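The next block holds one structure in the form of structure tokens; read it before the comments.
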Amino acid sequence: MAALISEASGEVNGSSSSTLSIKRQRSSVSSGGDGAKKRSLMLFDSDLLDCPICYEPLSIPIFQCDNGHLACSSCCPKLSNNCPACASPIGDKRCRAMENVLESTFVPCPNAELGCTKNVSYGKESTHKRECNFSPCSCPTPGCNFTGTYKDLFVHFTSTHRRSCSLDRFTCGLSFSGQIKINNKISIIKEYTKSLLFTVHCFREPYGVNVTISCIAPAAPEVGEFSYHLSYTVDGHSMTYESQEVKRVLQVSCQTGQENFMLIPHCLLRGDLLKMKVCIKSRS
């Protein structure tokens, strides 16, 4: 993978090569009529920006020994601050030159092929991917291998899985009632205004049933943040639960959540159906 190191912009050339050389490109641009020049470097081997010890992308701060060998901040304590290449002390001298290079290096978003045009600081791709609008989301229907952006997933689900175990559509901020089959584990509800799929999870535990809600979408500002309120009534007994956060996920998990759930004890269960009132609100 090639990355562009730029002094004036984050433009990235996505060509690939195994060449271990650095190619300098110079271009002159006019800025306010002062004839300023923009210089950029084409780096053809991104491994040069990885820690030579753990092989993970370097991140600031970067340290060097007296002989110039590099190590990331995570590796220095593991090495007892001794350079593995020459046994010199390492961990107290910063390599400012490499830090400057790293701050000026940008790569295409991992979701570039799906439409994202943003350029990301080297080593921060995974952080951006969690918040990228184009991060692929997996269909929650068992046996379906579809993946796509959260909007494409919404279109896919509403057109392909109409008869799936879906409660119904809802509108953010408005309460609705529904019957949830515990044995299904996952029920899907659809929000048409934002083109979002939400899941109601039911997990049987030795002490009862855990009920929680998540949203199948990246943690992107465009998606927004949500809270939810659950209400359950049976034989005159009422339970309510409110969470200030709806967890946003790219793929639905069938593992029991460890936080943000309503616990309905066995003594309040009546068969496989839960008749609940749900309200999901936008926090944006």
- Given (1) within 26 Å of Thr147 (Cβ to Cβ); (2) surrounded by fewer than 14 Cβ atoms within 10 Å (Cβ to Cβ); (3) touching a residue at least 24 places away in the same chain (Cβ under 8 Å), Asp92 misses just (1)
- Give the residue that is modelled with the lowest pLDDT, with candidates limited to residues of the stretch 110-157 that are hydrophobic (A, V, I, L, M, F, W, C) and crowded, with 21+ Cβ neighbours inside 10 Å. Val120
- Note on the structure: Every listed condition ((1) touching a residue at least 60 places away in the same chain (Cβ under 8 Å); (2) more than 26 Å from His229 (Cα to Cα); (3) in contact with a strand residue (DSSP E or B) (Cβ under 8 Å, 6 or more places away or on another chain)) holds for Ile180 save (2)
- Message: Looking at the structure I just gave you, is Cys75 in contact (Cβ under 8 Å) with a residue 24 or more places away in the chain, in contact with a Pro (Cβ under 8 Å, 6 or more places away or on another chain), open to solvent by less than 50 Å² (accessible area, probe 1.4 Å) and not aromatic (Phe, Trp, Tyr)?
- Response: no
- Item | Those residues of the stretch 99-109 which are within 17 Å of Ala71 (Cβ to Cβ) and either basic (Lys, Arg) or buried (at least 18 other Cβ atoms within 10 Å of the Cβ) (or both), in sequence order | Val101, Leu102
- Message: Between a residue in the stretch 136-163 that is under 19 Å from Asn184 (Cβ atoms) and any residue that is among the small types (Gly, Ala, Ser) and crowded, with 16+ Cβ neighbours inside 10 Å, which pairs come within a Cβ distance under 7 Å, given they are 6 or more apart or on different chains?
- Response: Thr141/Ser164
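The values are calculated or read from the model by the stated rules, or taken from the named source; none is laboratory data. All figures in this text were calculated on a predicted structure; none of them were measured in a lab. Glycine gets a Cβ as well: all are built from the backbone with ideal geometry, and neighbour counts include every protein chain shown. Remember, those area values only see protein heavy atoms, side chains included, never the ligands or the DNA or RNA. Shrake-Rupley method; radii C 1.70, N 1.55, O 1.52, S 1.80 Å.
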